[in-house]
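K.L.:
The structure that follows is given in the form of structure tokens.
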Amino acid sequence: MDDKASVGKISVSSDSVSTLNSEDFVLVSRQGDETPSTNNGSDDEKTGLKIVGNGSEQELQKELEDVLMDPPIEDQSNERDHGEEVRTDGDGEEPVVLEASASSTINPVSVAGLQKPEMSLPVNPSQGDCGDLSPFTPMTDEDSVVFSKLIYLGCSSVNAPRSEVEALRMMSVLRSERKNSLIVTLSVPNVSEGTVRLFDPQSNAEIANYPIYKILFCVRGHDGTPESDCFAFTESHHNAEIFMIHVFQCEIQEAVSRILYSFATAFRRSAKQTPLSAIATPQTPDSDIFTFSVSLEIKEDDGKGYFSAVPKDKDRQCFKLRQGIDKKIVIYVQQTTNKELAIERCFGLLLSRGKDVRSGDMHLLDLESMGKSSDGKSYVITGSWNQKSPHFQFVNEETPKDKILFMTTAVDLVITEVQEPVRFILETKVRVCSPNERLFWPFSKRSSTENFFLKLKQIKQKDRKNNSDTLYEVVCLESESERERRKTTASPSLRLPQSGSQGSVIPSPPEDDEEEDNDEPLLSGSGDVSKECAEKILETWGDLLSKWHLNLSVRPKTLSALVRSGVPEALRGEVWQLLAGCHNNDHLVEKYRILITKESPQDSAITRDINRTFPAHDYFKDTGGDGQDSLYKICKAYSVYDEEIGYCQGQSFLAAVLLLHMPEEQAFSVLVKIMFDYGLRELFKQNFEDLHCKFYQLERLMQECIPDLYNHFLDISLEAHMYASQWFLTLFTAKFPLYMVFHIIDLLLCEGISVIFNVALGLLKTTKDDLLLTDFEGALKFFRVQLPKRYRSEENAKKLMELACNMKISQKKLKKYEKEYHAMREQQAQQEDPIERYERENRRLQEANMRLEQENDDLAHELVTSKIALRKDLDNAEEKADALNKELLMTKQKLIDAEEEKRRLEEESAQLKEMCRRELDKAESEIKKNSSIIGDYKQICSQLSERLEKQQTANKAEIEKIRQKVDDCEHCREFFNKEGRVKVASSAKDGSDEDTDEEKETLKNQLREMELELAQTKLQLVEAECKIQDLEHHLGLALNEVQAAKKTWFNRTISSIKTVTGVQGKETC
């Protein structure tokens, strides 16, 4: 989990808001008896006595004395807080300033973090008239603001609940459909502990409710888009793996900003100020000490569908747990002194066996719920653990009557005003009893309480980060028990989880190899592995790989000897793939690319383990980095690929080792080969039966090879599963340095999983002298802390691996021990009480039956869903078929109509063709006639012109002769001048004029006749041209009609007609 997201400084805008809850720890279940209560677990006690089991009066009286002598914490807190009034109406709430910006997302912060607001919008929840933007009024029974006249457009599932792009896309889709829109009234609380509610505006009945801690993201539509009057929020639905988006529309667009503002108020990190915070705390020497009372309660399944608190033995002060019963842990945190600090959330609940446990050995529980109790005085966290997990096997085995167990519980809390998360650690005694043992439930003390003293130091104003509401940094955290046994010179122990560690504190490994006395375990992924290698070794490996690639089905003979010395780091990726048989893994690569697109049912467990895998390695330490992303995809793909086993704790370490040497596709292929071909997945099957067989084999090998250490472990009751579980399940990858881990994987891929026995015996032999001096707790601590640190140097790791390789452990011997184990198990089953065996078998069958019923329900649900989907698809197909049939009938009718139209047009075109042919023939005859007339006219004109020219020439010659004769005659010369004019008297002149006039009149008559003939010829020519133009006009109209009908064959006909007409016109011209 990324704790930076929880303590980061967040900004506000008017477009969207996102809660501080991480989806890794979204609280999704809140069942009846698990609801946080104010009496530290006494919520299941009703009036009257509820006695489970039988017993003597003395036992009843003894248990009753315990109750009478120890009043509940509830009564003490009630007396202390009597007379104080808790204000829940928000009248003392300061106005919140909303900063409007162009950003598309806004996140919640406290008011003090806002700077340079562009628009201030103060809202006082106690006032009902807040303008005309949206009619909203505060509810009288809770601190909330009500918005009316909203339209609920619907909801849909989303894969990315904090993606603004996907939220806006779903908003657009639901707004466009508007199938099931509903007018509602929306109630938005003003505190983070409240609930968003939807009401029917007519009956005021509640339609739905969504707790604030489940709401992950809020967004509004962008301005200038159709969705500008809409807003939506996403919430975790039923569990943290399903997310829903709810979309609303406002009648008044400006009201969207008001609603977003109300969500921002509800998402603020700090709750409302209480009267306690307004009172100035006197500066006493202990004014920086904050006291918390932390109570632990364990609940077990009572067989009736509820979880009831387990009793606590008065004499031994230990919880009495029953074997094989589902359990839950409830933590109550209450501040008792000093200024009240606001607990924002819990991001980790951890559990481990023993006391003085280091954070690296604690295991995370599944969080079920968190939040304030109904009276707001305490913060309640509920978690459960998986009984089948090997880490919690100690609470599933009956404890001998003369012994007790220690159990350590840790809870990590984020406190708003404190810079770092704070961890409270509770150490308690437990004893596991038979499930048939009679217990007096209602009279026994049920909780274990410890007081803690948290010393804080106020941060100076100049050292605070921008937009931060943190006021303090932690100096130390000390429990009351530690304070009592602490020596005067000892300093308080500081127990704080580092941010980003997901609830576990793992300090940096000591740089000095001699610092084995340090109690902090070695970080997984520690140690540098050099890629430098001697040139001769590389040449030897190069020759071997060249020969191996020629025949990949057969391993070279010298391979085993070279692998025992260690594969060069630069070649490990290639060699590991060849050893695992992944040289031809295209099908697994393609399968992997498909698997990463599917959803995994164990996504939350994978996400939780990713941050705890190799935190010391640079490639995996960054949350959300490339390393963690590739590791997440590999683990997710395998959980989908292997449905029977799925994802198990420890797989992430092996996958991380493979990722350091090859791409993720090849790493997935090698992981599948190791799990299936090398038998690692068998360890996780049948309630870890094969793993227990491996433990028995290891103990028998110890008995043969290291008898003194074997006998010592028997004396201190140290069994193999207490220290060797991680060795087999993670192949030593979880705790040991990388140099040693890589060498072990070399041997594993070459020789098989039996190499684990060689390495385990080598570890036990080399540390035998130290282990013989330890007790039970010391041995566990040695295996957890000192043992991995001894092999931080390559020299020590090489010696160990040489010792492991030189050990001869035959497969025949392992088979013999395996048969012994199964025979022993059969003998135990035969010697076991038949009733107990049948009860156990019955429980197993009931579990199998429940699992099968669940699978049957899932299959039935899937079948019903698929039937509904198929029926829906069938209905859609039938509707589509009907529509297509109708369309087919319409198309057929259109085809018939088109054929009739075609026939009609063909007849019309034939008539038109005939008409055009006749007109064309007529036009051709007219053209021929006109052509002949024109030719005749031209011929006549040319003849007349020739005759005229000849006449004129003759006349001129005649005149010239007459003039010549006149000039020659002396008598006539007197009557004519040089121009030929007459000079004689008028009488003589009159006589000559008469002759001349007669000749002129004759010529004029001839000329008039010729002009008349020419005019008639021109008139006939004009008439012919008019007829031609009329024919061309009719032809153009016919062409237009044909073009309108768009008939290709008719176009060709008209084109041919036009071509013929054009040619004839040209010939005519």
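The values are calculated or read from the model by the stated rules, or taken from the named source; none is laboratory data. Predicted model, so just to flag it, every value in this text is computed and none were measured. Neighbour counts run over all protein chains shown; Cβ positions are idealised from the backbone, glycine included. In case anyone asks, the SASA skips ligands and DNA or RNA and just uses the protein heavy atoms, side chains included. Shrake-Rupley method; radii C 1.70, N 1.55, O 1.52, S 1.80 Å.
K.L.:
Check G650 against each of (1) under 23 Å from the mean Cα position of the chain (by Cα); (2) in contact (Cβ under 8 Å) with a residue 60 or more places away in the chain; (3) farther than 20 Å from C582 by Cα; (4) buried (at least 21 other Cβ atoms within 10 Å of the Cβ) and name the one condition it does not meet.
P.N.:
Single failed check for G650: (1).
K.L.:
Considering only residues that are modelled with pLDDT under 80 and under 22 Å from I404 (Cα atoms), look in region 291-322 and name the one that is most open to solvent (accessible area, probe 1.4 Å). Before you say what the answer is, go through the steps one by one.
P.N.:
Of region 291-322, the ones modelled with pLDDT under 80 are 302-306, 312-317.
If we keep only those that are under 22 Å from I404 (Cα atoms) as well, we get 312-317.
Numbers: K312: 18, D313: 30, K314: 62, D315: 109, R316: 92, Q317: 87 Å².
By that ranking, first place goes to D315.
K.L.:
Is it fair to say A848 is at pLDDT below 80, closer than 20 Å to Y696 by Cα and not β-branched (V, I, T)? Can you show your working first?
P.N.:
Values: at pLDDT below 80: yes; closer than 20 Å to Y696 by Cα: no; not β-branched (V, I, T): yes.
So A848 does not fit the description; no.
K.L.:
Mind checking whether some residue in region 839-862 is open to solvent by 80 Å² or more (accessible area, probe 1.4 Å) and closer than 30 Å to I706 by Cα?
P.N.:
No.
K.L.:
Please find, within region 717-743, the residue that is surrounded by the most Cβ atoms within 10 Å (Cβ to Cβ) out of those that are in a loop (DSSP other than H, G, I, E, B) and hydroxyl-bearing (S, T, Y). Write out each step before concluding.
P.N.:
Going through region 717-743, the residues in a loop (DSSP other than H, G, I, E, B) turn out to be 717-719, 723-724, 730-737.
Narrowing the set further to residues that are hydroxyl-bearing (S, T, Y) leaves 717, 723, 730, 733.
On the way: S717: 10, Y723: 21, T730: 22, T733: 28.
Here the residue is T733.
For (1) closer than 23 Å to Y739 by Cα; (2) assigned to a loop (DSSP other than H, G, I, E, B); (3) open to solvent by 80 Å² or more (accessible area, probe 1.4 Å); (4) out of contact with any strand residue (DSSP E or B) (no Cβ under 9 Å at 6 or more places or on another chain), each residue gets a yes or a no:
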position	(1), (2), (3), (4)
E574	yes, no, no, yes
Q577	yes, no, no, yes
H583	no, yes, yes, yes
L588	no, no, no, yes
P601	no, yes, yes, yes
A605	no, no, no, no
T613	yes, yes, no, yes
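K.L.:
Does region 932-973 hold any residues that are in contact with a Cys (Cβ under 9 Å, 6 or more places away or on another chain) and open to solvent by 90 Å² or more (accessible area, probe 1.4 Å), and which are they? I'd like the intermediate steps shown before the answer.
P.N.:
Taking region 932-973 and keeping what is in contact with a Cys (Cβ under 9 Å, 6 or more places away or on another chain), we get 965-966.
The answer is K965, and nothing else.
K.L.:
Condition first: assigned to a helix (DSSP H, G or I), touching a residue at least 24 places away in the same chain (Cβ under 8 Å) and among the polar types (S, T, N, Q). Now tell me which residues in region 680-705 satisfy that.
P.N.:
Filtering region 680-705 for residues assigned to a helix (DSSP H, G or I) gives 680-684, 689-705.
Subset that is touching a residue at least 24 places away in the same chain (Cβ under 8 Å): 680-681, 683-684, 691-698, 700-702, 705.
Q697 - this is the single residue of region 680-705 that is assigned to a helix (DSSP H, G or I), touching a residue at least 24 places away in the same chain (Cβ under 8 Å) and among the polar types (S, T, N, Q).
K.L.:
When you check F319 against the structure, is it of a type in the set (A, V, I, L, M, F, W, C), on the phi < 0 side of the Ramachandran plot, within 35 Å of the chain's Cα centre (by Cα) and not in a loop (DSSP other than H, G, I, E, B), yes or no?
P.N.:
Against the criterion (of a type in the set (A, V, I, L, M, F, W, C), on the phi < 0 side of the Ramachandran plot, within 35 Å of the chain's Cα centre (by Cα) and not in a loop (DSSP other than H, G, I, E, B)), F319 does not qualify.
K.L.:
Quick check on my filter: what residues within region 377-401 are in contact with a Gly (Cβ under 9 Å, 6 or more places away or on another chain) and farther than 20 Å from S434 by Cα?
P.N.:
Y379, V380, I381
K.L.:
A follow-up question, please. Is it the case that S270 is open to solvent by less than 60 Å² (accessible area, probe 1.4 Å), at pLDDT below 75 and either assigned to a helix (DSSP H, G or I) or not aliphatic (A, V, I, L, M) (or both)?
P.N.:
Here the answer is yes, as S270 does meet what is asked.
K.L.:
V247 passes all but one of (1) within 30 Å of N180 (Cα to Cα); (2) among the β-branched types (V, I, T); (3) surrounded by 14 or more Cβ atoms within 10 Å (Cβ to Cβ); (4) at pLDDT below 90; which number fails?
P.N.:
Every condition holds for V247 apart from (4).
K.L.:
Continuing with this model, one more query. With region 344-422 as the region, which strands (runs of 3 or more DSSP E) entirely inside it contain at least 3 residues that are more than 31 Å from the chain's Cα centre (by Cα)? Even if it seems obvious, please write down each step before you answer.
P.N.:
On the way: elements: 366-372, 379-384, 405-415.
Those strands (runs of 3 or more DSSP E) span 405-415.
K.L.:
Can you tell me which residue within region 863-911, out of those that are out of contact with any helix residue (DSSP H, G or I) (no Cβ under 8 Å at 6 or more places or on another chain) and among the polar types (S, T, N, Q), is most open to solvent (accessible area, probe 1.4 Å)?
P.N.:
Here the answer is Q911.
K.L.:
Consider Y791 carefully, then state whether it is under 19 Å from R700 (Cα atoms) and surrounded by 17 or more Cβ atoms within 10 Å (Cβ to Cβ). Don't jump to the end; show me each part of the working.
P.N.:
Numbers: under 19 Å from R700 (Cα atoms): no; surrounded by 17 or more Cβ atoms within 10 Å (Cβ to Cβ): yes.
Here the answer is no, as Y791 does not meet what is asked.
K.L.:
Looking only at region 590-599, how many residues end up being open to solvent by 30 Å² or more (accessible area, probe 1.4 Å) and among the hydroxyl-bearing types (S, T, Y)?
P.N.:
Final tally of qualifying residues: 1.
K.L.:
OK, next. From A829, A804, A823, A797, grab the single residue that is modelled with pLDDT under 85 and of a type in the set (A, V, I, L, M).
P.N.:
When all the criteria are applied, what remains is A829.
K.L.:
For region 609-637, give me each residue that is aromatic (F, W, Y) and touching a Phe, Trp or Tyr at 6+ places or on another chain (Cβ under 7 Å).
P.N.:
F614, F620, listed by residue number.
K.L.:
N204: under 24 Å from L367 (Cβ atoms) and polar (S, T, N, Q), yes or no? Break it down stepwise before answering.
P.N.:
Numbers: under 24 Å from L367 (Cβ atoms): no; polar (S, T, N, Q): yes.
Against the criterion (under 24 Å from L367 (Cβ atoms) and polar (S, T, N, Q)), N204 does not qualify.
K.L.:
Next question, about the same structure. Test L709 against the stated conditions and say whether it is open to solvent by less than 20 Å² (accessible area, probe 1.4 Å), part of a helix (DSSP H, G or I) and within 25 Å of Q602 (Cβ to Cβ).
P.N.:
Numbers: open to solvent by less than 20 Å² (accessible area, probe 1.4 Å): yes; part of a helix (DSSP H, G or I): yes; within 25 Å of Q602 (Cβ to Cβ): no.
So L709 fails the test.
K.L.:
Turning to a different aspect of this structure: Do you know which residues across region 186-225 are among the β-branched types (V, I, T), open to solvent by 10 Å² or more (accessible area, probe 1.4 Å) and within 24 Å of V158 (Cα to Cα)? Steps first, please.
P.N.:
Taking region 186-225 as the starting set, the residues that turn out to be among the β-branched types (V, I, T) are 188, 191, 195-196, 207, 212, 215, 219, 225.
Narrowing the set further to residues that are open to solvent by 10 Å² or more (accessible area, probe 1.4 Å) leaves 191, 195, 207, 225.
Result: T195, I207, T225.
K.L.:
Go through region 632-647 and give me each residue that's open to solvent by 10 Å² or more (accessible area, probe 1.4 Å) and either in contact (Cβ under 8 Å) with a residue 40 or more places away in the chain or more than 28 Å from the chain's Cα centre (by Cα) (or both).
P.N.:
K636, V640, Y641, E644, I645, Y647
K.L.:
Ok, one more. Which of the residues belonging to region 549-567 are crowded, with 18+ Cβ neighbours inside 10 Å and within 19 Å of Q666 (Cα to Cα)?
P.N.:
V567
Table: residues versus (1) farther than 30 Å from E1032 by Cα; (2) part of a helix (DSSP H, G or I); (3) of a type in the set (V, I, T); (4) without any contact (Cβ under 8 Å) to a residue 60 or more places away in the chain.
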| residue | (1), (2), (3), (4) |
| --- | --- |
| L895 | yes, yes, no, yes |
| L905 | no, yes, no, no |
| L912 | no, yes, no, no |
| R918 | no, yes, no, yes |
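K.L.:
Sticking with this one: So L800 fits all but one of (1) open to solvent by 10 Å² or more (accessible area, probe 1.4 Å); (2) hydrophobic (A, V, I, L, M, F, W, C); (3) in contact with a Ser or Thr (Cβ under 9 Å, 6 or more places away or on another chain); what number is the exception?
P.N.:
(1)
K.L.:
Name the one entry in E1009, E1032 that is over 26 Å from E924 (Cα atoms), acidic (D, E) and surrounded by 10 or more Cβ atoms within 10 Å (Cβ to Cβ). Please lay out each step first, then the result.
P.N.:
Details: E1032 fails: over 26 Å from E924 (Cα atoms).
Only one candidate qualifies: E1009.
K.L.:
Can you find a residue that is under 19 Å from S669 (Cα atoms), acidic (D, E) and touching a residue at least 12 places away in the same chain (Cβ under 8 Å) anywhere in region 573-580?
P.N.:
Checked against the condition, which is being under 19 Å from S669 (Cα atoms), acidic (D, E) and touching a residue at least 12 places away in the same chain (Cβ under 8 Å), region 573-580 yields at least one hit.
Per-residue answers, yes or no, for (1) assigned to a strand (DSSP E or B); (2) farther than 18 Å from F243 by Cα; (3) among the β-branched types (V, I, T):
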| residue | (1), (2), (3) |
| --- | --- |
| E166 | no, no, no |
| M170 | no, no, no |
| R175 | no, yes, no |
| V184 | yes, yes, yes |
| V188 | yes, yes, yes |
| S192 | no, yes, no |
